[in-house]
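Reviewing the structure listed below.
Just so you know, all these numbers are worked out from the coordinates, no wet-lab data involved. Note that the structure is a prediction, hence the values are computed from the model and not measured. Positions of Cβ are backbone-derived with ideal geometry, glycine not excepted, and every protein chain shown enters the neighbour counts.
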Amino acid sequence: MLRTTSSTRSKTKLLALAVLPAVVVPVLAGCSDPGASANSGSGAGTTAARNGVVYNTAPEQNRIRVEKDAAAAGKLPAAIGKDGKLTVATTAGSIPLSFHATDDKTPIGVETDIAQLVADKLGLELDLQVTSWENWPLKTQSGDVEAVFSNVGINKDRVKLFDFSSYRAAFMGFEAKKSSNYNIKGADDISGLKVSVGSGTNQEKILLAWNKELEAKGKAPATLQYYSSEADTILALSSGRTDLNIGPYPSTTYRENTRDDLKVVGKVNAGWPSETLVAATTLKGNGLAPAITDALNSAIKDGSYAKVLERWGLSEEALPESKTITEANFAATKAAAQAGSK
């Protein structure tokens, strides 16, 4: 399914997905994209990338495992882990973040590996639950899952409902056909172009803001195009029906390194015009976030965190420290990040 819009007027009041999940079209429904599937590559269950990484896409992952951290586990709220499990939601639709293995049922990727580290550090069994992007907020609020590891970026709308434990830098990548000459740095560079984007995402908010800038300057806004799956999105890009796609930077670089027809032509922080981070997401005020933050910092300290990111070719998104971010400290944390980047 395709929807298009070049006007910002009808979209300016759109909030983050976590606030209005009902308005969101599922944008991570596809397990892979043509030419970069979990079944492609140099051998069964592997995909060799030009950056030297060999992605293991088989269901037998041999994940990096760690020992329990008693201090982190000691911070678990009494209501969490009574069943001996950490129930985690992930959206298996985007390589190398979270996607289905070659058996088309086992969720794998950097998100599931980070979740495994956290569960191990907390002394719990990891119970992965695959859900759609628009459903993770509801599942978290209802208690069906205790945490979400699915490339969720922290923003002002989401902190009203959830607490966060940061674990990766958050960037969005612009990708185009390899034969193109685009160099995307700001609003002027997308004027008049057809750009595919996921509805209700941080990247959509960026493009809507850029279109406002263009309209204020009297320039043609970009035409935003919406597809119901990542596979459809990439097919539209590779066939020339769109000029650009904006998506999570890890996914765009994966395609650049494993396909012959696409390349990354720009990069922007997911929190533009400020900065944001990818974080484990938990229900606001339930006390789980501090335990997850400590578990992540334990994994950072012992080197297992770095090994996971290296395994999936994402070392450049590593953080030196995980922080608990809530509505109470969101503004101060954001201001500190902006000051540090100057």
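With contacts taken as Cα pairs under 8 Å and at least 6 residues apart, the chain reaches a relative contact order of 27 percent. With each label modelled as a point 7 angstrom along the Cα→C-beta vector, the LEU138-ASP83 pair spans 2.0 nm. Could you let me know the centre-to-centre spacing of the stretch 132-162 and the stretch 226-255, using Cα atoms, in angstrom? Each part reduced to its Cα centre gives a spacing of 24 Å. The Rg/Rh ratio for the stretch 173-217 is 0.96, where Rg is the radius of gyration of the alpha carbons and Rh is the Kirkwood radius. Among VAL118, VAL195, sorting on how many other beta-carbon atoms sit within 10 Å of each Cβ, with the fewest leading, yields VAL195, VAL118. When a/c reaches 1.5 or more, the comparison of a/b and b/c decides; with that in mind, is the stretch 104-214 rounded, prolate or oblate per its Cα gyration tensor? Verdict is prolate for the stretch 104-214. Calculated FRET efficiency, GLU60 to GLU125, Cβ-Cβ distance, R0 = 25 Å: about 0.90 to the nearest 0.05. Pairs from the list LYS82/LYS323; LYS160/LYS334; LYS75/LYS284; LYS82/LYS307 with a Cα-Cα gap above 20 Å: LYS82/LYS323; LYS82/LYS307.
Once both labels are positioned 7 Å from their Cα atoms along Cα-to-Cβ, the gap between SER239 and ALA70 label points is 6.0 nm. The ellipsoid that matches the Cα gyration tensor of the chain has semi-axes, each √(5λ) in whole angstrom, of 31, 24, 18, with the longest given first. Exposure proxy for TRP210, TRP272: other Cβ atoms within 10 Å of each Cβ, ordered fewest to most, give TRP272, TRP210. Using C-alpha pairs below 8 Å separated by at least 6 residues, the relative contact order for the stretch 174-299 is 33 percent. Counting neighbouring Cβ atoms within 10 Å and putting the fewest first, the residues ASP260, ASP188, ASP294 line up as ASP260, ASP188, ASP294. Lysines near LYS194 by alpha-carbon distance under 29 Å, same-chain residues fewer than 8 away left out - which ones? List returned: LYS11, LYS13, LYS156, LYS177, LYS178, LYS185, LYS205, LYS212, LYS217, LYS219, LYS263, LYS267. If R0 is 22 Å, the Cβ-Cβ spacing of SER191 and ASP261 corresponds to a FRET efficiency of close to 0.35.
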